[in-house]
Amino acid sequence: MFRQIFLHLSTSRVARGLTQANPLSRRMVRRFVAGEGLGDAVRVARELASRGMTVSLDPLGENVSTREEAEAATESVLSIVQAIRSAGVDSSVSIKLTQAGLDIGTEFCAANVRRMLEAAREAGVAIQIDMEGSDYTERTLAIYRELRPEHGNVGAVVQAYLRRTAADLAALCEIGGPIRLCKGAYREPAEVAFPEKAEVDANYVELAQMLLSAGARRRGVYPNIATHDERLIEWTKEHVRSEGIGKDEFEFQMLYGNRRDLQEKLAAEGYRMRVYVPFGREWYPYFMRRLAERPANVLFLVKNLLKY
Ligand SMILES: Cc1cc2nc3c(=O)[nH]c(=O)nc-3n(C[C@H](O)[C@H](O)[C@H](O)COP(=O)(O)OP(=O)(O)OC[C@H]3O[C@@H](n4cnc5c(N)ncnc54)[C@H](O)[C@@H]3O)c2cc1C
């Protein structure tokens, strides 16, 4: 219920206007978002690198409706790639296809992503395609299937809450590439997504087993275990130990600002730890999805509002 309310608010224009204008929510956003500019993101990437972590920079923004906006988003990814190269930090870029024009046309969007991938390859940077709401799953996977054979630097994402994901992941394991497994952050009906957390967690374990299997890794899959769930992280540590999977054969991923203690602990234990670092002015829907994940974040916001 709580989660549904915040996921609903993430798409509301009125709530967006009120939240963006509020100085307190703007301040709290800084916990989850590096800042509004590319310079802020590079600064955070350097800080995390000094603590043994890599990053994926995420230029915030989604669902653009004009070709001009999609082209501007494409240009901005080209600038990010150049900034990563100049800064010499180990960073990938995470993109959303609705930012690259998926609502305008699949071919138009694929052409924009191809431009990003070509520039990124020159700079030695990988691009990972985030997974959005289930209306986009099929088209997102189709674009990945089209681009992956030509571009070794593109990766995909799958969501454990979707009922379809076991079949999607089996197909992706044939194609290879960096594949991020997350639980899923959008509002979905029960026909397409498991409504209960226990079901999502059980599916996560099954999917992680597929992703980490010897067969998948032989076909070029690089598993990205993206979660803050300590039980799943402990399960992964135990699973890789018992299967003899090296710490350099997969990576953990977490969001900037979530469980920094755990991020540092895993890096100190010698695991590969990549932090997803969002930045930019379009922070509202991302911020609402983070509030939806954890009542404590909302309590923190409310307590701060009451102080002033
Ligand atoms: C690197 C990365 C990339 C992602 N990319 C995508 C994507 O492309 N598409 C997509 O749909 N989703 C994406 N997500 C979000 C993901 O789907 C989940 O919504 C989010 O990670 C919360 O799920 P969880 O696995 O952490 O487990 P949960 O069961 O939600 O949380 C487990 C524990 O983690 C901690 N935690 C979780 N969320 C928060 C928070 N917001 N603040 C503080 N603590 C928290 C709490 O201790 C909580 O008890 C991504 C997540 C990560 C880590």
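The values are calculated or read from the model by the stated rules, or taken from the named source; none is laboratory data. As the structure is a prediction and not an experimental result, all values here were calculated from the model. Here the Cβ is made from the backbone with ideal geometry for all residues, glycine too, and neighbour counts use every protein chain on show. Quick note on the areas: whole protein, heavy atoms, side chains included, nothing else; ligands and nucleic acids left out. Shrake-Rupley method; radii C 1.70, N 1.55, O 1.52, S 1.80 Å.
Summary of computed values
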item	result
Filter result for Ala198 (within 12 Å of the ligand (Cβ to nearest atom), buried (at least 21 other Cβ atoms within 10 Å of the Cβ) and small (Gly, Ala, Ser))	no
The listed residue being touching a Pro at 6+ places or on another chain (Cβ under 8 Å), of a type outside the set (Lys, Arg) and either closer than 21 Å to Val55 by Cβ or crowded, with 20+ Cβ neighbours inside 10 Å (or both), out of Ala216, Ala268, Ala193	Ala216
Subset tally (residues that are buried (at least 16 other Cβ atoms within 10 Å of the Cβ) and either farther than 17 Å from Gly280 by Cβ or away from the ligand (no atom under 16 Å from the Cβ) (or both)) for region 44-65	5
In region 120-156, the residues that are surrounded by 19 or more Cβ atoms within 10 Å (Cβ to Cβ) and either at pLDDT below 95 or of a type in the set (A, V, I, L, M, F, W, C) (or both)	Ala120, Val125, Ala126, Ile127, Ile129, Met131, Leu141, Ile143, Leu147, Val154, Ala156
Residues located in region 202-228, provided they are within 16 Å of the ligand (Cβ to nearest atom) and either more than 22 Å from Arg272 (Cα to Cα) or touching a residue at least 40 places away in the same chain (Cβ under 8 Å) (or both)	Ala202, Asn203, Tyr204, Glu206, Leu207, Leu211, Tyr222, Pro223, Asn224, Ile225, Ala226, Thr227
Residues of region 241-262 satisfying the condition of being more than 10 Å from the ligand (Cβ to nearest atom), crowded, with 19+ Cβ neighbours inside 10 Å and over 13 Å from Tyr222 (Cβ atoms)	none
In region 280-289, the residues that are crowded, with 23+ Cβ neighbours inside 10 Å and either modelled with pLDDT of 85 or more or within 10 Å of the ligand (Cβ to nearest atom) (or both)	Phe287
In region 81-101, the residues that are away from the ligand (no atom under 16 Å from the Cβ) and touching a strand residue (DSSP E or B) at 6+ places or on another chain (Cβ under 8 Å)	Val81, Ile84, Val89
Qualifying positions in region 84-119 - of a type in the set (A, V, I, L, M, F, W, C) and open to solvent by less than 20 Å² (accessible area, probe 1.4 Å)	Ile84, Val93, Ile95, Leu97, Ala100, Leu102, Cys109, Ala110, Val113, Met116, Leu117
Qualifying residue in region 66-80 (condition: of a type outside the set (Phe, Trp, Tyr), within 16 Å of the ligand (Cβ to nearest atom) and open to solvent by 50 Å² or more (accessible area, probe 1.4 Å))	no
Verdict on Glu238 being over 30 Å from Ala72 (Cα atoms), among the charged types (D, E, K, R) and within 16 Å of the ligand (Cβ to nearest atom)	no
Top-ranked residue of region 229-276 - restricted to ones that are in a helix (DSSP H, G or I) and among the acidic types (Asp, Glu), ranked as farthest from Gly177 (Cα to Cα)	Asp261
Filter result (closer than 21 Å to Leu48 by Cα and of a type outside the set (A, V, I, L, M)) within region 233-248	Lys247, Asp248
Helices (runs of 4 or more DSSP H) within region 1-52 that include 3 or more residues within 18 Å of Ser92 (Cα to Cα) and under 19 Å from the mean Cα position of the chain (by Cα)	38-50
